[in-house]
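For reference, the structure is listed below as structure tokens.
What follows is calculated from the coordinates using simple rules that are stated; it is not laboratory data. Keep in mind the model is a prediction, meaning the values are calculated, not measured. Cβ atoms come from the backbone with ideal geometry, glycine included; neighbour counts cover every protein chain shown.
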Amino acid sequence: MSEPVRSCCACRLKKGKKELLRHVWQDGKIVTDPAGKLLGRGAYCCQDERCRQLFFARKKNWKRMFRL
């Protein structure tokens, strides 16, 4: 069975789910979910520092990413 593929919300590259960091919206803020077990819609981002900075800078897109 193949690994699920997800897209990075910052650079839009498709990678295996295990290669990306999952973030969820909880209590009005973004929480990193390394285990992938937290409830809620997840947004995935590369572990690269540049992608993480882009992800957190795009606050206007959070409403769509997390379906708030």
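Count, please, the residues in the stretch 22-40 that happen to be surrounded by 11 or more Cβ atoms within 10 Å (Cβ to Cβ) and not in a strand (DSSP E or B).
Residues flagged as surrounded by 11 or more Cβ atoms within 10 Å (Cβ to Cβ) and not in a strand (DSSP E or B) within the stretch 22-40 amount to 4.
Give the number of residues within the stretch 4-31 that are among the β-branched types (Val, Ile, Thr) and in contact with a Lys or Arg (Cβ under 9 Å, 6 or more places away or on another chain).
2
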